[in-house]
Amino acid sequence: MKFIKAHEILVTTTLCVAVALSATVYAATTAKKEAAKPTAESLQREAEACTTLGEFAGSIMESRQVGIPLSKMLEAVAEGGKDTLSRSLILAAYDTPRYNGATYRQRAIDEFRNDIEIRCYKTGR
């Protein structure tokens, strides 16, 4: 019970960071669209944004895998204001089954994170 409560606090804190993350991803996307040829600076911003987004996605999937209820996750997003990126990531994570065993859970976390990072790099968001 203590683990789940501590994890809920971590999730709430992580979701609050999502608003700043959305702004970072938007800035990286805008810079990518404005530049005809990618510069080292725009590629660096894109890498930072996609890595941060991947880490955030991983923490959402971790919450999913340890059993935090979907309603708690969506509540935390609602309290932080309207953030469609966070909501979309949460819903995508909860479309994935919850696995038994640490190895399977970690695989689900890693695959979800990588999938989100790939999408970020492909679309610039």
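Each value in this text was obtained by applying a stated rule to the coordinates, not by laboratory testing. Since the model is a prediction, treat every value here as computed from it, not as a measurement. As a convention, Cβ positions derive from the backbone with ideal geometry for all residues, glycine included, and neighbour counts pool all protein chains shown.
Summary table
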| read-out | value |
| --- | --- |
| In nm, spacing of pseudo-spin labels at A47 and R119 (7 Å Cα→C-beta vector) | 2.4 nm |
| Highest average packing first - 100-108, 45-53, 60-68, Cβ atoms within 10 Å | 60-68, 45-53, 100-108 |
